[in-house]
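What follows is calculated from the coordinates using simple rules that are stated; it is not laboratory data. Keep in mind that what you see is a predicted model, and the values were worked out from it rather than measured. Note that each Cβ is placed from the backbone with ideal geometry, even for glycine, and that neighbours are counted across all protein chains shown.
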Amino acid sequence: MKTTANLGFKKPEGTDVVNIDDLNYNADIADTEIVKKASSTQDGRMAKEDKVKLDGISAGANKVEQSSTNGNIKINGTEKTVYTHPGSGTNPHGTTKSDVGLGNVTNDAQVKRTEMGTASGVATLDASGVNAQAPKAHTHTKSQITDFPSSLPANGGNSTTVNNHTANGTPATTEKTDIIKMINEVFQSGTNVKADAISAVNSKGGSLGSDATWDDIIAAINAIARGQGNAVESQVLSGIKFSNSDGQLRTGTMPNKGAVTITPSGSAQTIPAGYHNGSGKVSAVTVPVANVLSGTTIAGQTGTMPNRGAVTLTPGTADQIISAGYHNGSGKVKGEPNLKPENIKEGISEFGIIGALKEKQDIFNYLLNIPSGSSYNKLTPIGFVEGEGMWFMQGTGNDGTAILLNSSGTVTKTLTIGGNGMFFHASKNYIMRQTYPAKTIEITNKSGTVITTISTTYYGTGLLGCINEYHSLIFFIHPATCDIYNLSGTLLYSVTVPNISTGYSANLLIPCKGGAILLFDNGENTSISTISTVGTVTTRTLTKTDSKENKVYGVLLNALI
């Protein structure tokens, strides 16, 4: 419970329990503070007399006090000398005996000290002479005493009345005009106080009777326990007054938390210390049982997720559904050690692996079914494309025509250069040709659209060319040199190769995975050269008798296909 800053009045809040003791507590404080008067050390009300006195003090006035030092005063607590009296033997003020009340004193001679108190000593000194002193022992009669009372009480001088008020020992009334009656009233008040004290002691567990003496009452008060228990401030609700066995009044500091609501989360939450009123709660948790493992209970909800343990799947031609549920991490999909690019058909993807296996084709039917007639007397094969057919350059080297034959010998496509020229190679996606007289190398698609052009100064026999789609490279051989370009026509490498003789036609340039293969036959010697994608040339020379020309061509044809 909160309190006011100055007087400590209790201020109940919505969660506090208010009782009559709190109201009485505030009233008692107000009753005490309202009548409290100000002092030099304490704030309070000002009496009207002090107000009158304060109003009579001029602004800037000093505090003047009496000093115990003659001739001084105190100004604001400091001794100040007001007057320094002259030394003895002087009369600076002109003081007379009348000024000090001795105006009737004469300068007559007085009785000597030695004469005083002696028998027949001198009594006075006056103009008429010396009178004898009266003896110490003498008797006076009542008539000789002036103003003596005419009578005395009969009971030896003890008066029974004072100013006509009777003072006997057994008064009958308690009127305040009678001293004894006043005493009776005081006695009665004391009796009432005593009865109240007995009642108060008995309310605290005492057992005093109405005839108990004050000693009995005092002993019973001392026997009352000032407090019980061993509670400390942190164990009592904030703002509540209490005491323990030491009797000291204390105020509780335990915070009032009221009704606390806790929402469960993924981490532990501390329940705050303090008083909880019993209405607090932990919020309910929504448990999706489908996401909880079967046999597991969370917040009173039993899970329904099936336990799949370790599942093993064997890949097939169709997708396999992985069953919903819990998998313990030991499940697997079987692997296949033979799943390699070289075991997969070229261009086919198997589980993310692209095949590199070239399927061998039987081109016998393509060659056997070449159409007859003068138009087909001169056909030079320039490439075989799976699923498409065999490409031939038709006619002489300057006719500038290429045809595509299927296995039945039917021409399915014809390409022309649009003038004179020759064709070098047909790959899966491109055609490589050279125009004349421009001597320009052209890379086209299968529809004849030019994609890349390369300028050269060479034309005629002794030239070879091919496209390596494995690495997007163009190989072009002219006398003793092989130029390697990318598909954009940029020259990458220019390397030396065996010199191509213009007198022989047994020369082939075939694309392969590592670059290109050059077959060179000048009639006397045969060599095979490999040209890598970075222009490295490796050549092996064979004699005609060793090479078995037909076998060499068979190997190269196999590589071409």
Which of VAL17, VAL201 has the fewest other C-beta atoms within 10 Å, and how do the rest follow up to the most? VAL17, VAL201
Taking neighbour Cβ counts within 10 Å as the exposure measure, how do GLU388, GLU442, GLU79 sort from fewest upward? GLU79, GLU388, GLU442
How far is it, in nm, from the label point at ALA259 to the one at ASN202 when both lie 7 Å from their Cα along the line to the Cβ? 4.7 nm
Can you sort MET422, MET1 so the residue with the fewest Cβ neighbours within 10 Å comes first? MET1, MET422
Using the Kirkwood radius built from alpha carbon pairs, what does the Stokes-Einstein equation give as D for region 364-504 at 4 °C and 1.567 mPa s, in µm² per second? 83 µm²/s
For the pair THR302 and THR496, the simple spin-label estimate (label points 7 Å beyond Cα toward Cβ) gives in nm 8.9 nm
Which of LYS2/LYS51; LYS10/LYS48; LYS37/LYS63 have a Cα-Cα distance over 28 Å? LYS2/LYS51; LYS10/LYS48
Residues meeting the amide H criterion for THR3 (H placed from the backbone, H to H distance under 5 Å, 5 or more places apart or on another chain) are LYS11
